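What follows is one structure encoded as structure tokens, with my remarks underneath.
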Amino acid sequence: MSIRSRKTLITAVALTGGLSLAAVTPALAGAGASRTARAAAVSSAQGDPRNVTQHVADFYGAYIDAVWSTDDNSAGTAAKALRAFYLSAAEQRKVAAFEKKEHADGILFAQNVPVQWKVTYTGSGAGHATSRVTLTWGDGPHAEVSRIDVQSDLKTLKITGLKSVR
């Protein structure tokens, strides 16, 4: 066998092994895949800091990440800082009052953390925009879903109102 034939054979075997491993790995990860395996599902993301709906999406994404990370000592501080940055002072007071009365998170209107979120623009007028946040609580076809209408000031982009939608 010539050297060129050996190189071709070795290359073919290596390529076949690599492709087989790539095909089997997702199946081995299973439904309870780690955050690293789930990250591969998102191929790209983009944003615009001037877009009010994107601003709400950025807040909910970062906030959920912070409250999800219970094993990270800086998570609580991060969640408080996010509230201070994204919410108007008046809305921060309303959230605090809700939390004191209901013993639940005033951003998520719940005592636990959703596994997915989605933000959709629903309209604007009188200097404000409204976005609908859809939170998914669990996996599978029968996962619970809740919705929150978020009002934002178009000039400052600060969140000025949160309302649970039933």
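The values are calculated or read from the model by the stated rules, or taken from the named source; none is laboratory data. If you're wondering where the values come from, they're calculated on a predicted model, not measured in any experiment. No Cβ is skipped: glycine too gets one built from the backbone with ideal geometry, and neighbour counts run over all protein chains shown.
Tally time: how many residues in the range 139-154 are under 19 Å from the mean Cα position of the chain (by Cα), in contact (Cβ under 8 Å) with a residue 60 or more places away in the chain and not in a strand (DSSP E or B)? Residues meeting the conditions: 1. Restricting attention to the range 61-88, the residues that are within 21 Å of GLN151 (Cβ to Cβ) and either among the small types (Gly, Ala, Ser) or loosely packed, with under 15 Cβ neighbours inside 10 Å (or both) total 6. Every listed requirement among (1) surrounded by 12 or more Cβ atoms within 10 Å (Cβ to Cβ); (2) part of a strand (DSSP E or B) is met by ILE107 save one, (2).
Checking each residue in the range 139-161 for being loosely packed, with under 15 Cβ neighbours inside 10 Å, under 18 Å from ARG50 (Cα atoms) and out of contact with any strand residue (DSSP E or B) (no Cβ under 7 Å at 6 or more places or on another chain) picks out LYS155, THR156.
Among residues that are touching a residue at least 60 places away in the same chain (Cβ under 8 Å), in the same structural domain as ILE64 (by TED's automatic domain parsing) and either touching a Gly at 6+ places or on another chain (Cβ under 7 Å) or not in a helix (DSSP H, G or I) (or both), LEU157 is included. For the range 1-98, the helices (runs of 4 or more DSSP H) that sit wholly inside it and include 2 or more residues that are small (Gly, Ala, Ser) and either at pLDDT 85 or above or closer than 20 Å to THR120 by Cβ (or both) are 52-68, 75-86. Of all residues in the range 124-150, exactly one satisfies the criterion of being of a type in the set (D, E, K, R) and in contact with a Gly (Cβ under 7 Å, 6 or more places away or on another chain), namely GLU144.
Going residue by residue through the range 95-114, is there one that turns out to be within 22 Å of ASP48 (Cβ to Cβ), assigned by TED's automatic domain parsing to the domain that holds TYR60, in contact with a Leu (Cβ under 6 Å, 6 or more places away or on another chain) and of a type outside the set (Phe, Trp, Tyr)? No: the range 95-114 contains no residue that is within 22 Å of ASP48 (Cβ to Cβ), assigned by TED's automatic domain parsing to the domain that holds TYR60, in contact with a Leu (Cβ under 6 Å, 6 or more places away or on another chain) and of a type outside the set (Phe, Trp, Tyr).
With respect to the conditions (1) polar (S, T, N, Q); (2) part of a strand (DSSP E or B); (3) surrounded by 16 or more Cβ atoms within 10 Å (Cβ to Cβ), SER164 falls short on a single one, namely (3).
Scanning the range 117-138 for residues that are surrounded by 18 or more Cβ atoms within 10 Å (Cβ to Cβ) and touching a residue at least 40 places away in the same chain (Cβ under 8 Å) turns up VAL119, ALA129, SER131, VAL133. Being surrounded by 12 or more Cβ atoms within 10 Å (Cβ to Cβ) and farther than 23 Å from LYS158 by Cβ is a property that does not hold for ASP58.
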